[in-house]
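A.B. asks: Here it is, the structure in full.
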């Protein structure tokens, strides 16, 4: 399943619309990193609102994406984690340390705006 990656100014917005297999997550990671490089993006927003499960592989892959994009000079914000998903992640000990999160796309954009104004 392909994940749409939209360019908005210097930002990339990726919306995961359904559960992804491990192979789909790997392909998404590679496609997103290629787009960060080719578009010279300064920020990436990954919307996971439609996902009702974030297993350990998906969580690790999202964390890797955030770390890799940071090495390319782009910030990553994960938006739309559903309450049930957050609860399950905590119960399973899955962590997104170092990854910025926001309630939804609007809050993610506001976060990036605040960070950019601070320099």
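The values are calculated or read from the model by the stated rules, or taken from the named source; none is laboratory data. Just so it is clear, the structure is predicted and the values come from calculations on it, not from any experiment. Cβ sites come from the backbone with ideal geometry, for glycine too, and all protein chains shown count toward neighbours.
A.B. asks: Test residue 44 against the stated conditions and say whether it is modelled with pLDDT under 95 and not in a helix (DSSP H, G or I). I'd like the intermediate steps shown before the answer.
C.D. replies: Values: modelled with pLDDT under 95: no; not in a helix (DSSP H, G or I): yes.
When the stated conditions are applied, residue 44 does not pass them.
A.B. asks: In this structure, does residue 25 turn out to be more than 20 Å from residue 109 (Cα to Cα), buried (at least 17 other Cβ atoms within 10 Å of the Cβ) and at pLDDT 95 or above?
C.D. replies: Considered against the rule, which asks whether it is more than 20 Å from residue 109 (Cα to Cα), buried (at least 17 other Cβ atoms within 10 Å of the Cβ) and at pLDDT 95 or above, residue 25 comes out as yes.
A.B. asks: In addition: For region 64-93, which residues satisfy the criterion of being buried (at least 18 other Cβ atoms within 10 Å of the Cβ) and in contact with a helix residue (DSSP H, G or I) (Cβ under 9 Å, 6 or more places away or on another chain)?
C.D. replies: 65, 69, 74, 75, 76, 77, 78, 79, 80, 81, 89
A.B. asks: Scan region 67-91 for residues that are in a helix (DSSP H, G or I) and over 21 Å from residue 18 (Cβ atoms) and jot them down. It would help to see each step written out before you state the result.
C.D. replies: Taking region 67-91 as the starting set, the residues that turn out to be in a helix (DSSP H, G or I) are 67-71, 83-91.
Those that are in a helix (DSSP H, G or I) and over 21 Å from residue 18 (Cβ atoms): 67, 68, 69, 70, 71, 90, 91.
A.B. asks: In region 3-38, which residues are without any contact (Cβ under 8 Å) to a residue 24 or more places away in the chain, closer than 19 Å to residue 54 by Cα and assigned to a loop (DSSP other than H, G, I, E, B)?
C.D. replies: 4, 21, listed by residue number.
A.B. asks: Answer with yes or no whether residue 20 is surrounded by 14 or more Cβ atoms within 10 Å (Cβ to Cβ), touching a helix residue (DSSP H, G or I) at 6+ places or on another chain (Cβ under 7 Å) and modelled with pLDDT under 95. Even if it seems obvious, please write down each step before you answer.
C.D. replies: Working: surrounded by 14 or more Cβ atoms within 10 Å (Cβ to Cβ): yes; touching a helix residue (DSSP H, G or I) at 6+ places or on another chain (Cβ under 7 Å): yes; modelled with pLDDT under 95: yes.
Yes.
A.B. asks: If a residue must be crowded, with 21+ Cβ neighbours inside 10 Å and out of contact with any strand residue (DSSP E or B) (no Cβ under 8 Å at 6 or more places or on another chain), how many such residues does region 34-63 contain?
C.D. replies: Result for region 34-63: 2.
A.B. asks: Here's another thing I want to ask about it. Go through (1) in a loop (DSSP other than H, G, I, E, B); (2) over 17 Å from residue 108 (Cβ atoms); (3) free of Cβ contacts under 8 Å to residues at least 40 places away in the same chain for residue 94 and report which single condition fails.
C.D. replies: (3)
A.B. asks: Report yes if residue 8 is loosely packed, with under 14 Cβ neighbours inside 10 Å and either modelled with pLDDT of 95 or more or within 22 Å of residue 103 (Cβ to Cβ) (or both), otherwise no.
C.D. replies: On the way: loosely packed, with under 14 Cβ neighbours inside 10 Å: yes; either modelled with pLDDT of 95 or more or within 22 Å of residue 103 (Cβ to Cβ) (or both): yes.
Judged against the criteria, residue 8 is a match.
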